[in-house]
Amino acid sequence: MSDVEMDDVTNNDFVYDPDQDPEEKRTVRKNYRSLARVVEEHQSNPNDLSAEQLMKQVQQADILFDKVKGPQEATLDSHFLLMASTMGAQKARAMKSGSGSFDIDDFVAKLVTFMGGRKSLEDHANGDSDEEYVDNVARPLEWAKIGRKALAKSRRVPVMGYMCSSSLFI
């Protein structure tokens, strides 16, 4: 580092502190090991640990990193982040929507029930007769109901760019 760069750097920017309080080192190591233990326990089944819990663990590690002043503690931090990122990748792979994870028929059935196309099994079990149930099947779907639900999440206009391809032009 040149003399000019050294003048701009304060002592707080140098993180390494060989004279760090041993008790503080023990506390940092203990906390990192407990974070790593939680992730290790759920390594075999990533669905046991929710994304929010994993995020909370990473945020705790981020706070804990401010107290890291030695290479051994930095290694523990790196090890934890490696395990957490592996767990996140496993959770992402488990969410794939193409091959059986997402049941389209079940989704459509729930959507039709939500829009009033037919009564749910709970409504049917509450004493409604079969004639009333059959009458409700023929009712038109309440698309405005699902529209209101969708507007609560996004007000963006759907884009249909795929319909403007060059193959559609004459």
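Starting from region 32-48, take each residue that is over 18 Å from T75 (Cβ atoms) and list its partners that are assigned to a helix (DSSP H, G or I) and open to solvent by 20 Å² or more (accessible area, probe 1.4 Å), counting only C-beta distances under 7 angstrom and pairs at least six apart or across chains.
From residues that are over 18 Å from T75 (Cβ atoms), the pairs are V38/Q57; H42/D48; P46/Q90; P46/K91; P46/A94; N47/A94.
Which residues, counting only those in region 27-45, are farther than 20 Å from F65 by Cα, assigned to a helix (DSSP H, G or I) and not acidic (D, E)? Before you say what the answer is, go through the steps one by one.
Here is the first cut: in region 27-45, the residues farther than 20 Å from F65 by Cα are 41-45.
Adding the requirement that they be assigned to a helix (DSSP H, G or I) leaves 41.
The answer is none; no residue qualifies.
Per-residue answers, yes or no, for (1) under 14 Å from the mean Cα position of the chain (by Cα); (2) exposed (fewer than 15 other Cβ atoms within 10 Å of the Cβ):
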{"site": "N31", "(1), (2)": "no, no"}
{"site": "L35", "(1), (2)": "no, no"}
{"site": "H42", "(1), (2)": "no, no"}
{"site": "N45", "(1), (2)": "no, yes"}
{"site": "S50", "(1), (2)": "yes, yes"}
{"site": "V58", "(1), (2)": "yes, no"}
{"site": "V68", "(1), (2)": "no, no"}
{"site": "E73", "(1), (2)": "no, no"}
{"site": "D77", "(1), (2)": "no, no"}
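The values are calculated or read from the model by the stated rules, or taken from the named source; none is laboratory data. In this text the structure is predicted, and so the values were computed from the model without any measurement. With ideal geometry, Cβ positions are generated from the backbone for all residues, glycine too; neighbour counts draw on all protein chains shown. Surface areas here come from the heavy atoms of the whole protein model, side chains and all, with no ligands, DNA or RNA. Shrake-Rupley method; radii C 1.70, N 1.55, O 1.52, S 1.80 Å.
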